[in-house]
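The values are calculated or read from the model by the stated rules, or taken from the named source; none is laboratory data. What you are looking at is a predicted structure, and each value in this text was computed from that prediction instead of being measured. Cβ sites come from the backbone with ideal geometry, for glycine too, and all protein chains shown count toward neighbours. Each accessible area value is taken on the protein alone, full model and side chains, heavy atoms only, with ligands, DNA and RNA left out. Shrake-Rupley method; radii C 1.70, N 1.55, O 1.52, S 1.80 Å.
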Amino acid sequence: ESVLMIGSCFSEHIGTRLDDLKFNMNSNPFGIVFNPKSIETTIYRIIEKNYFTEKDVFEKEGLWYSFEAHSSVRGETQQEILESLNNSIDNWNEKLKTAQWLTITFGSAFAYNHIEQNKVVANCHKLPQALFEKTLLKSNHIIDDYNVLLNSLKKFNPTLKIIFTVSPVKHLRDGVVENSVSKAILIQSAHQLI
């Protein structure tokens, strides 16, 4: 059976173990993504084949990146990064049509909103903090957004089974208490969605 995994670094670790056991699996088309909003954005891009364009990428220190992808996903030219991201959309669109399992792993309820673009980013790429506003996603918003997403996924692939997990990896740079609050929001959200 085909298994797709998307989300935090926990999904990468579990994915590696499944791959070692010869499961038919793939993980994270745009690299590791921690917050539920960015995971949702990724899944919609794949379902809708919403391709990346020049406005979705930027240059930093001679390399090209996207705010919707991990920093490991980059290109030496604008065309290279766009081809890489859009090939991932095509590849994952086909895989998602026939996959039996999709595991969604939430990593953190903290998200960073790009102030000028007014959208949550998957990665800040070590750009100045003044460009972003840190926010704590609310459980009711996650639940509402994912109920709509789950309906879209069921229409896209009616036989798809979805597993929600919450990464046990602590994000201590947010603070010990803040990490606990973040994980509680994610656990509550996953529990309600299930």
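For the reader, a short list of remarks on this structure follows.
- For segment 170-188, residues that are open to solvent by less than 60 Å² (accessible area, probe 1.4 Å) and either assigned to a loop (DSSP other than H, G, I, E, B) or touching a Cys at 6+ places or on another chain (Cβ under 9 Å) (or both) total 2.
- Condition check for residue 135: among the β-branched types (Val, Ile, Thr) and either part of a loop (DSSP other than H, G, I, E, B) or free of Cβ contacts under 8 Å to residues at least 40 places away in the same chain (or both): yes
- Residues that are part of a helix (DSSP H, G or I), at pLDDT 95 or above and of a type outside the set (Gly, Ala, Ser) within segment 121-132 comprise just one, 131.
- Members of segment 1-58 found to be open to solvent by 60 Å² or more (accessible area, probe 1.4 Å) and in a strand (DSSP E or B), listed by number: 24
- Taking segment 138-163 as the range and being open to solvent by less than 30 Å² (accessible area, probe 1.4 Å) and not in a helix (DSSP H, G or I) as the test, the residues that pass are 157, 160.
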